[in-house]
Amino acid sequence: MADNNIFLFVPNLIGYARVVLGIGSLYFMPTNHVLAASLYILSGFLDAFDGHAARILNQSTKFGAMLDMLTDRCATMCLLATLGAFYPSYLFVFQLVMIVDVSCHWIHLHTSNVLGKTSHKNVDEEENALLRFYYTSRPFLFFMCAGNELFYSMLYLLNFTYGYTFLGMSVIKMLVVLLFPVAVLKFILAIMQGGSAWRNLGYIDIKEREETEKKQ
């Protein structure tokens, strides 16, 4: 029975730690940018390990998948809200990113559950090639997610400091410039993800209505 206590599975314990780190990061965001950024990035770094632990230990659960998803979305949303306060002229952009990030990931996860998929990362063959590659290539998935979070983290730090310099240029600014295309592509992928999920949900409705009409 103890082996089936999913609440104490290793990936879920990592998930709890990520929640604590995330809350700590939010608490220190207005006052201690070094500690806040360190806790936020560490929480994101652990995201790469919970899924790996789940596969290695055969401890994949719906509970863990939802915990992972919500931790990611809430952390990113809160960071974007902070950036909106730091860079008010770009508030509308950050609001759009929040809307797309939360809504598209949620509808994707919901539709995956309705379709009976074991994981929201299981993508059908008929899906867009880029979206399919995003979910089937773990290195690319990690690069996109890590790069996206690092971009917004560097924007956060840039509000406080330019950090170290390399060849006369701020390293933080360099990272912001280099990672900007990653953030844009992640935004586009989220829209594609959401659009695909809405389409599939609509097809489910159509199929159910056709089956109901056949029975009448």
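The values are calculated or read from the model by the stated rules, or taken from the named source; none is laboratory data. None of these values were measured; they are calculated from a predicted model. Here Cβ is always computed from backbone atoms with ideal geometry, including for glycine, and neighbour counts include all displayed protein chains. Accessible surface is based on the protein model in full, side chains and every heavy atom, while ligands, DNA and RNA are left aside. Shrake-Rupley method; radii C 1.70, N 1.55, O 1.52, S 1.80 Å.
Quick one: if the Förster radius is 25 Å, what FRET efficiency do H110 and S38 give, using the C-beta to C-beta distance and rounding to 0.05? List each step's numbers first, then the result.
Numbers: r = 34 Å, r/R0 = 1.34.
So the FRET efficiency works out to roughly 0.15.
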Worksheet item: For the chain, taking Cα atoms only, what is the radius of gyration to one decimal and the Dmax to the nearest whole Å?
Response: 19.3, 75
Discussion item. Within the chain, what whole-number % of the accessible surface is contributed by carbon and sulfur, with the 1.4 Å probe and all protein chains included in the calculation?
Written reply: 68 percent
Item to complete: Note down the relative contact order for the range 1-104 as a percent, whole number, built from C-alpha pairs under 8 angstrom at least six residues apart.
Response: 26 percent
Worksheet entry | Scattering profile of the range 1-86 at q = 0.10 Å⁻¹ [log10 I(q)/I(0), Debye over alpha-carbon scatterers] | -0.27
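Please list D205, D47 in order of solvent-accessible area, largest first, computed with a 1.4 Å probe with all protein chains present. Walk me through the numbers before you get to the answer.
Numbers: D205 80, D47 40 Å².
From most accessible down to least: D205, D47.
Suppose the chain between F92 and R132 were pulled fully straight at 0.36 nm per residue; how much longer would it get relative to their current alpha carbon spacing?
Values: separation 40, 0.36 × 40 = 14.40 nm, distance 2.97 nm.
Contour length minus the Cα-Cα distance gives 11.4 nm.
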Worksheet entry | Mean accessible surface per residue for the chain, computed with a 1.4 Å probe while every protein chain stays in place, in Å² | 60 Å²
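Keeping all protein chains in place and using 1.4 angstrom, which order do E210, E127 fall into by accessible surface area, from largest down?
On the way: E210 95, E127 20 Å².
Largest to smallest exposure gives the sequence E210, E127.
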Practice prompt. Kindly count the pairs of lysines across the chain whose alpha carbons are less than 25 Å apart, treating pairs on different chains or eight or more residues apart as eligible.
Written response: 9
Item to complete: Take the chain, connect every pair of alpha-carbon atoms lying under 10 Å apart with a spring to form a Gaussian network, then pick out the residue of I99, I206, I14 with the largest mean-square fluctuation.
Response: I206
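Nearest 20 debye, what's the magnitude of the dipole of the chain about its Cα centre given +1 on Lys and Arg Cβ and -1 on Asp and Glu Cβ? All intermediate terms of the calculation are to be shown ahead of the outcome.
Details: 15 positive and 16 negative charges, 44 e Å.
In debye, rounded to 20, the chain gives about 220.
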Response to the item:
the range 1-20 scanned against label point 7 Å out from M77 along Cα→C-beta; backbone N under 15 Å for none
Worksheet item: With each pseudo-label sitting 7 Å past Cα toward Cβ, what's the F28-N4 distance in nm, one decimal?
Response: 4.1 nm
